[in-house]
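Step one of this worksheet: look at the structure below.
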Amino acid sequence: MCQKAIYPGSFDPITYGHIDIIKRALKIFDEVIVAVANNSSKRPLLSTSERVKMVKQATKGFDRIVVESFDGLVVEYAHKKRIGVIVRGLRMISDFEYEFQMALTNRKLAPDVETIYLMPSESYSYISSKLLKEAAFLGADISNFVPKSIEKKLKAKFKKK
Ligand code: ADP
């Protein structure tokens, strides 16, 4: 049986931290669906299609992954795809409270869907899409946080603004 998992998130933009989690998930699951939230409450900088494109670009050459966007509740999306596992990343204790609430809410909504947490390498555990956007906006070198192609796109985006 092919074991699949969904890795949902805003990916605004994808970082080396997200990529680390995808690689770890691929060691456990046969297929990982990276699901870019269309209706993220975080008011993303990048459009859904830009974020999907960037995830595809950053994971080019990875076997066994599918990248797509989704609308609405992640558990409904999981049901639609008939996938029973959601993967999320845990960086710091500060992630814990939000992730804990979300996992338990999702469990109440869909007891058949399990959420599992993976920890990134410590060298990526401080990276956040939010902070690197701020750094990029202020002209910082963000090559330690995102692949070159993403850095270029992000810089171009800020130039246009
Ligand atoms: P969301 O808006 O759903 O939180 P994010 O793109 O911010 O979307 O994060 C998606 C998932 O990836 C979350 O579980 C988050 O904790 C995890 N994540 C984000 N950055 C990192 C990182 N640097 N290392 C490991 N996990 C991360």
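The values are calculated or read from the model by the stated rules, or taken from the named source; none is laboratory data. It should be emphasised that the depicted structure is a prediction, and the values quoted were computed from it without experimental measurement. Cβ coordinates were reconstructed from backbone atoms using ideal geometry, including for glycine residues, and neighbour counts include every protein chain displayed. In case anyone asks, the SASA skips ligands and DNA or RNA and just uses the protein heavy atoms, side chains included. Shrake-Rupley method; radii C 1.70, N 1.55, O 1.52, S 1.80 Å.
Only residues that are open to solvent by less than 50 Å² (accessible area, probe 1.4 Å) and near the ligand (Cβ under 10 Å from one of its atoms) were counted across segment 129-144, and they come to 2. Residues of segment 84-95 that are assigned to a helix (DSSP H, G or I), surrounded by 15 or more Cβ atoms within 10 Å (Cβ to Cβ) and more than 17 Å from the chain's Cα centre (by Cα): none at all. Scanning segment 22-46 for residues that are assigned to a helix (DSSP H, G or I), open to solvent by less than 20 Å² (accessible area, probe 1.4 Å), among the β-branched types (Val, Ile, Thr) and more than 10 Å from the ligand (Cβ to nearest atom) yields a count of 0.
Going by the structure shown, is TYR98 assigned to a helix (DSSP H, G or I), of a type in the set (Ser, Thr, Tyr) and within 12 Å of the ligand (Cβ to nearest atom)? The answer is yes for TYR98. Each residue in segment 109-128 was checked for being outside any helix (DSSP H, G or I), within 16 Å of the ligand (Cβ to nearest atom) and of a type in the set (D, E, K, R), and 1 pass. Selection over segment 56-83 of residues that are crowded, with 18+ Cβ neighbours inside 10 Å and aromatic (Phe, Trp, Tyr) gives a count of 2. Put simply, of TYR117, TYR126 the only residue that is of a type outside the set (D, E, K, R), touching a Lys or Arg at 6+ places or on another chain (Cβ under 9 Å), closer than 21 Å to LYS23 by Cβ and open to solvent by 80 Å² or more (accessible area, probe 1.4 Å) is TYR126.
When every residue of segment 149-156 is checked against the conditions, none turns out to be in a loop (DSSP other than H, G, I, E, B) and open to solvent by less than 80 Å² (accessible area, probe 1.4 Å). If only residues of segment 96-112 that are out of contact with any strand residue (DSSP E or B) (no Cβ under 9 Å at 6 or more places or on another chain) and among the acidic types (Asp, Glu) are counted, the one that is most open to solvent (accessible area, probe 1.4 Å) is GLU97.
For the structure I just gave you, tell me whether SER49 is in a helix (DSSP H, G or I) and modelled with pLDDT under 95. Criteria not met by SER49.
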